[in-house]
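J.: Quick one: the structure is below, questions incoming.
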Amino acid sequence: MPMNINSKYNPAEVEKKWYDYWMQHRFFHSEPDEREPYTIVIPPPNVTGVLHMGHMLNNTIQDVLIRRKRMQGYNALWVPGTDHASIATEAKVVGKLKEEGIEKNQLTREEFLKHAWDWTHKHGGIILKQLRRLGASCDWERTKFTLDPDLYESVIKVFVDLYRKGKIYRGYRMVNWDPVAKTTVSDEEVIYTDEEGTLYYLRYPIVGSENEFIEIATTRPETILGDTAIAVSPLNEKYKHLIGKKAVVPIADREIPIIADDYVDPEFGTGALKITPAHDPNDKEIGDRHQLDLIDIFNEDGTLNQYGLHYEGMDRFDVRKAIVKELDEKNYLVKTEKHTHRIGRSERTKAIIEPRLSRQWFLKMKELAGPAIEAVRNGEIKLIPKKFENLYFHWMENVRDWNISRQLWWGHRIPAYYYGEGENDYVVAENLEEAVKLAREKTGNPSLTEKDLKQDEDVLDTWFSSWLWPITVFDGIRHPENPDFKYYYPTNDLVTAPEIIFFWVARMIIAGYEFAGDKPFSNVYFTGIVRDKLGRKMSKSLGNSPDPIEMIDQYGADAVRVGMLMTSPAGNDLPFDIELVYQGRNFANKIWNGFRLLKNMKIDENKAQPEYAAQAVKWFTNRFLQILSQVEDDFEKYRISEALKKIYSLVWDDYSSWYLEIIKPPYGEKIDRTTFEQSINILENILKLLHPFMPFITEEIWQNIKPRSENQAIIISSYPQTGEFDKNLISEFEHIKNIISNIRKIRKEKNIPNKEKLVLYMVENRKLNPELLSVLYKAANLSAIHYGNYEDAALSFRVDKNEYFIPIEKLVDPEEEKKKLQEELTYLEGFLHSVRKKLNNERFVQNAPPQVVEKERKKESDTLEKIKIITKRLEKL
RNA sequence: GGGCGAUUAGCUCAGUUGGUUCAGAGCGCCUGCCUUACAAGCAGGAAGUCACUGGUUCGAAUCCAGUAUCGCCCACCA
C-alpha cells in the first residue's frame, strides 16, 4: 500500500507511542522462569538528581546490553532505583529550609526528616522519568530506593552482623572542621590554594642536660600546646643520641618523648618534627603508631580551650601572633622564614579548615578485601578495560578501614544504643526491643527500659547501603532463599564510572562475597567521563552541559543514543559534541528513507525476479552474516562503539548505497513479489541488529513494514543468528562494486549522463561469476558487456588482474590515458621492488613462516602480471 | 614525589597475539550534482615521518629502553 510518509523522520511523534506500548505490554518486566537470566542492576542515581550527560552515556550502554540479551532469548532484567545520597540530599534540604528562614538546628530530628521526605517525594524519581525518555527498558515494577523499609532493614542487619563479627569499631578520625560554620566538611568541599606563610623555628630544652635543645620548624606555633612528642628520622645521625630522651614543651612546660619515625624527612626544616596528634592527620598516624596522648586545644569555633592555658578563649590566629611574641621573649624562637604551602579553605565559608579529631564508626577492611582481590585476580570478575585492574589491586592491597558514620540525619541511623556515658556503655541491635534485652544482659539491670536507651545520632555513609545494592534489590540479606535472589543473583554486567571504582565497585565485590557468598556481577564495564569540546568535565556548575531532555526533544532519543555511543570505547573519555547527535539524527533519517523506498514500491505479482535482484539478495544475505559475526565478537569484548560503527556502515553503505540501489526497479516499473518479500526480510534483520541502539525508530518501522498482530514487537523478537557465509561471493561482489565505481568515475570525468548507456569490454584474468554481470548491467547502466580486448581508443581501468575498457568515440585523449597508465605502472614497479627486496633477502626466506613467504611470492607474480597488462596497453597507444 | 595510562589525518578514534597495497574509519574540508527513498542526501577528492631517540627482529604503528608532552589515581611534607 503506498502511503504518504514524510521524508524527514519525526521522532517526537513516534517515541512516546512505542514507550507506552512497551509499558502496557509489560515487555520490560521479568519474572524467574526456566530461561537463563541476564541481569543488570542500575547504578542508582541520587533520588533528587536530574539526568546529566554521564547518566545518558551510562544508561544507554546498559539499555543496549539488556535489549540485545532480551532479543537473544535471555530472561533479561534491568533493575532500576535511586539512592538516598545522604550528604547531597541533606544539603539540598538544608538549603531549601534556609530559603524559608528555617535553620536545621531549630528542628528536631523527626521534623527535619519529615521535610526531607517531603522533598524526596516531590523531586524524587524525576530522574527515573527522564530515563524513560531515553528509552531505558528497566523493569519499573521492581524500582527500589535505598531507604525503602526492606533495604533499610537489610542495611541495619548487615551493620549488626559485622559488629558481632568484631569488624566494626569506634575510633577517632581527623575530619575537616569548618570553625565558622561549626561543622565538618567533606574532602571535596575543601579548596586548596598555595599561600604565603611563615615557618617558625623553635627550640625545646632537652630534659636532663643543661643547655641542650632540639630545634623544630612549624607553621602553626600555637599548636605546640597540644604537642605530645617530637619525632626524628631513625636514620638521622644528628639526633640519634636524643631518641628515647625527653624534651620540654615551651610555655606549657610539659615533658614529651623524643621518638624515631620513618615519616620524618631528615632533609626538611631542622629534621625534627613536633607531633600534635589532635591537630594534624599525619601526626595522628604517628601518634597511633607510638601510642601518644591526644591533646585537643581548640573549641568548636576555633578559639582555644583550657589546654590553651592563658590563651584560653582567644582565636587561633590571634594566639599565633601572641605566642610567637612570648616564645621570642622567652628565647625559644630561633628564627623565622617565609614559606609557601597549601592551605585548605572551606568552599562555603572560606574559613581555614581545622583538622579536628572526631569519634566515628569504622569497618575493618583488610580481611574483607581478601576474597574480592582474589576474584578479580583469577578472572571470576572482569574489569573492562583491563587497565583498571591495576588501580583496583593497588587500592585493595592498601585498603584502609572504612569510616562508615556521617554526622547527618538523612540516612540509615546507626543502630547503637547508649545507656550511659562510659566508653563502652552501649549495645548494637537491630531494633530498640532487642537493644533493651541486650542492655539488660550487659548491665545486669533487669529494670532497664526503652527510655533509658539513646540511639546514636549519626547515620551511615551512603555507600554503606549502596554496597549491598545487587543483593538488597532482590531482598537477599533478609531472605537469601527467596526465588528472585536465587534466580537473578549473581548479576551479569555492571556499567559505571571509573570515579567510583573504590567507593562503590570494590565494596560491592566485598559485600557480595561476605553476605551472599558469591560475586555480585561478572563484568564491570567502565564508561568514560563526558567532556566538552575544551576537554572540561561536563558539570552543572560550569554550565557546559547540554540538557539531555531538550536534546531528546529536538533530535530524538535514538539520535542522542547513537551520538553518545559513536565514539566512546570503554574507559575512554567521551568528548561530546552536538555534531555527534546530528550524525545520529541523519542516520535515523537514512534508515527512515530506506523504509520509505520499500513502503512506496508497487508490486507486480506476475513479474519474475530479475537476475540482478536475486544476486543482490544473495550477496547481502552473506554480507549481513559476515558483519553479524564481527558484531557478535565486538559485543563479546564489550567493544560497543565498534559494533555500532560496523552496523552503521552496513546500513548506510552496504544496504542503502548498494543493495537498495540495485534492487530498485527502473523508473516507473513495479517490483516483483519475490524481491519485495526478501527485501522486507532483510530489512527486518537489519532493524533487529539496530534495535538495541535505536529502539524507537526500529519499532516504528518494524510495526509498519508489514502487518503485525497485537503483542508482537521488535523488542521481544528474536535476534538474528550467526551462520556460515560465502567469503568468495562477498569478494567477487567487491570486485563488481569496484568496476561500477570506476565506471561512475569515468562518467563523472567525461561528463557522461547516468542515463546514457555504455558498453564494457573485459579481459578476465580472474574469472568472475557470470551471474553477477546482471548487477553490473543494472548498476552501471550498460547496454552490452563483451569479453576480450578492445583495440581502439577507449578509457581503461584495472581491478585486480582484470582489465576493463569503456569505448568512447570522441572524448578520448591518448596522452591523458597514457599518463594515467604510466602512473599506475610507476606505482606497481615501486611495489614490486619492495616485494623483491624482501624475497631477495635470504634471512627473510629462511626465517619467516612459509605462508608469509608464499604470500610475498604471490604478490610478486600478481604484480608482474599487472605490469605486463599495462605495458601491453601502453605499447598499443 | 609515587603509581597507572595515553601520544596515529584538521577533530574524535580503530588498528584484536609483529607479516595482504597497513597506514584505516567517522566527522570536518575541497570538487561536482536539487538523478523520481533520503541535500539530514548522492558521486568523487585531498590529507598522516604512526610524539622523539635508540634497541630487538628477516620484518615494528604494534615488542623493549630512554626522552618529551598530556591525562588520571594516590600522597601531597612539618
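Derivation of every value follows stated rules applied to the coordinates shown; laboratory data play no part. Just so it is clear, the model here is predicted, and its values are computed rather than measured. Positions of Cβ are generated from backbone atoms using ideal geometry, with glycine treated the same way; all protein chains shown enter the neighbour counts.
J.: Report the one residue of A:Tyr163, A:Leu151, A:Ala181 whose Cα lies farthest in the direction of the positive end of the charge dipole of the range A:141-184 (charges on C-beta: Lys and Arg +1, Asp and Glu -1; origin at the Cα centre).
T.: In the range A:141-184, that residue is A:Tyr163.
J.: Of A:Gly226, A:Ile61, A:Leu598, which is farthest towards the positive pole of chain A's charge dipole, taken about the Cα centre with +1 and -1 on the beta-carbons of Lys, Arg and Asp, Glu respectively?
T.: A:Leu598
J.: Can you give the charge dipole size of the range A:578-637 about its Cα centre, rounded to the nearest 20 debye, using +1 on the beta carbon of Lys and Arg and -1 on the beta carbon of Asp and Glu?
T.: Numbers: 9 positive and 8 negative charges, 73 e Å.
About 360 debye.
J.: Another question, if that's okay. Would you calculate, for chain A, the mean residue ellipticity at 222 nm contributed by helices, counting each DSSP H stretch of 4 or more residues as -39,500 (n - 2.57) and dividing by all residues, to the nearest 500? Working shown, then result.
T.: Details: 27 runs with 359 residues, N = 877.
Result for chain A, helices only: -13000 deg cm²/dmol.
J.: Between A:Glu605 and A:Lys750, what is the FRET efficiency for a Förster distance of 56 Å, r being their Cβ-Cβ separation, to the nearest 0.05?
T.: Numbers: r = 41 Å, r/R0 = 0.73.
Computed FRET efficiency for A:Glu605 and A:Lys750: 0.85.
J.: Next up: What is the local net charge at A:Ile627, summed over the other residues whose Cβ is closer than 9 Å to its Cβ (Lys, Arg +1; Asp, Glu -1)?
T.: Numbers: positive: A:Arg623, A:Lys646; negative: A:Asp654.
Spelling it out: positives minus negatives among the neighbours equals +1.
J.: Stretch A:Glu579-A:Glu380 to full length: gain in nm at 0.36 nm per residue minus the Cα-Cα span? Walk me through the intermediate numbers first.
T.: On the way: separation 199, 0.36 × 199 = 71.64 nm, distance 3.96 nm.
67.7 nm is the gain from fully extending A:Glu579 to A:Glu380.
J.: Among the listed pairs A:Lys382/A:Lys645; A:Lys98/A:Lys451; A:Lys92/A:Lys442; A:Lys637/A:Lys859; A:Lys350/A:Lys454, which have their C-alpha atoms separated by more than 30 angstrom in this model?
T.: Details: A:Lys382/A:Lys645 24 Å; A:Lys98/A:Lys451 33 Å; A:Lys92/A:Lys442 41 Å; A:Lys637/A:Lys859 34 Å; A:Lys350/A:Lys454 35 Å.
Exceeds cut-off: A:Lys98/A:Lys451; A:Lys92/A:Lys442; A:Lys637/A:Lys859; A:Lys350/A:Lys454.
J.: Please report, in debye to the nearest 20, how large the charge dipole of chain A is about its Cα centre when each Lys and Arg carries +1 at its beta carbon and each Asp and Glu carries -1 there. Let's see the in-between values first.
T.: Working: 124 positive and 137 negative charges, 698 e Å.
Around 3360 debye, computed over chain A.
J.: Report the label-to-label distance for A:Ser7 and A:Glu430 in nanometres (one decimal), using points 7 Å from each Cα along the Cα→Cβ vector.
T.: 6.9 nm
J.: Here's something else I'd like to know. Tally the DSSP beta bridges in chain A and give the antiparallel ones as a percent, rounded to 5.
T.: On the way: 63 of 90 bridges.
If we restrict to bridges inside chain A, about 70 percent are antiparallel.
J.: Once R0 is set to 56 Å, what does the formula 1/(1 + (r/R0)^6) return for the Cβ-Cβ distance between A:Asp253 and A:Lys387, expressed as a FRET efficiency to the nearest 0.05?
T.: Values: r = 56 Å, r/R0 = 1.01.
Efficiency, from the Cβ-Cβ distance: 0.50.
J.: Expressed in nm to one decimal, what extension gain is obtained for the pair A:Glu875 and A:Glu724 from 0.36 nm per residue of sequence separation less their Cα-Cα distance? Walk me through the numbers on the way to the answer.
T.: Values: separation 151, 0.36 × 151 = 54.36 nm, distance 4.62 nm.
Residue separation times 0.36 nm, minus the Cα-Cα distance, leaves 49.7 nm.
J.: To continue, here is another question. Cβ under 10 Å from A:Ile102's Cβ, A:Ile102 left aside: what net charge do those residues give with Lys, Arg +1 and Asp, Glu -1? Could the numbers behind the result be given before it?
T.: Values: positive: A:Lys96, A:Lys98, A:Lys104; negative: A:Glu99, A:Glu100, A:Glu103, A:Glu111.
The answer is -1.
J.: Would you tally the net charge around A:Ile640, using a Cβ to Cβ cut-off of less than 14 Å, leaving A:Ile640 out, and scoring K and R as +1, D and E as -1?
T.: Details: positive: A:Arg67, A:Arg68, A:Lys69, A:Arg561, A:Lys637, A:Arg639, A:Lys645, A:Lys646; negative: A:Asp63, A:Asp493, A:Glu632, A:Asp633, A:Asp634, A:Glu636, A:Glu642.
Residues near A:Ile640 contribute +1 overall.
J.: Considering the range A:17-124, what Rg and Dmax in Å follow from its alpha-carbon atoms?
T.: 19.0, 58
J.: Tell me, what ³J(HN,Hα) does each residue in the range A:417-434 have, in order and in whole Hz, if you take phi through Karplus 6.51 cos²θ - 1.76 cosθ + 1.60 with θ = phi - 60° and put x for Gly and Pro?
T.: Rounded to whole hertz, the list is 10, 9, 10, x, 9, x, 3, 10, 7, 8, 10, 10, 8, 5, 8, 4, 4, 4.
J.: Using DSSP to call loops (not H, G, I, E or B), can you name the chymotrypsin sites (Phe, Trp or Tyr not before Pro) in the range A:610-681 whose Cβ has at most 16 other Cβ atoms within 10 angstrom? Don't skip to the end; give the middle numbers.
T.: On the way: sites: A:Tyr612, A:Trp619, A:Phe620, A:Phe624, A:Phe635, A:Tyr638, A:Tyr648, A:Trp652, A:Tyr655, A:Trp658, A:Tyr659, A:Tyr667, A:Phe676; in loops: A:Tyr638, A:Tyr667.
Listed in order of number, the matching sites are A:Tyr667.
J.: Sticking with this structure for a sec: Applying 1/(1 + (r/R0)^6) with R0 = 30 Å to the Cβ-Cβ distance of A:Glu632 and A:His735, what FRET efficiency is obtained, to the nearest 0.05? Walk me through the intermediate numbers first.
T.: Working: r = 27 Å, r/R0 = 0.90.
Efficiency, from the Cβ-Cβ distance: 0.65.
J.: Just to compare against my own numbers: the Cα pair-distance distribution for the range A:696-789, 5 Å bins, whole % per bin, please.
T.: Answer for the range A:696-789: a P(r) of 2, 10, 16, 15, 9, 8, 11, 11, 9, 6, 2, 0, 0 percent.
J.: Per residue Cα convex hull volume for chain A, in cubic angstrom? Walk me through the numbers before you get to the answer.
T.: Values: hull volume 219.8 nm³, N = 877.
It comes to 251 Å³ per residue, whole-number rounded.
J.: Continuing with the same structure: Give me the one-decimal nm value for the distance between modelled label points at A:Lys350 and A:Asn586, 7 Å along each residue's Cα-to-Cβ direction.
T.: The two pseudo-label positions are separated by 4.9 nm.
J.: Here is a further query. Just flag the chymotrypsin sites (Phe, Trp or Tyr not before Pro) in the range A:165-198 sitting in loop per DSSP whose Cβ has no more than 13 other Cβ atoms within 10 Å. Intermediate values should be presented prior to the final figure.
T.: On the way: sites: A:Tyr169, A:Tyr172, A:Trp177, A:Tyr192; in loops: none.
Passing both the DSSP loop test and the Cβ count: no residue.
J.: Would you mind computing, in nm to one decimal, how far apart the modelled labels at A:His25 and A:Glu195 are, each placed 7 Å from Cα along Cα→Cβ?
T.: My value for the distance between the label points is 6.4 nm.
J.: For the range A:582-648, run through the trypsin sites (Lys or Arg not before Pro) and keep only the ones in DSSP coil with at most 14 other Cβ atoms within 10 Å of their Cβ. Can you show the working numbers first?
T.: Details: sites: A:Arg585, A:Lys590, A:Arg596, A:Lys599, A:Lys602, A:Lys607, A:Lys618, A:Arg623, A:Lys637, A:Arg639, A:Lys645, A:Lys646; in loops: A:Lys602, A:Lys607, A:Lys637, A:Arg639.
Passing sites in the range A:582-648 are A:Lys602, A:Lys637.
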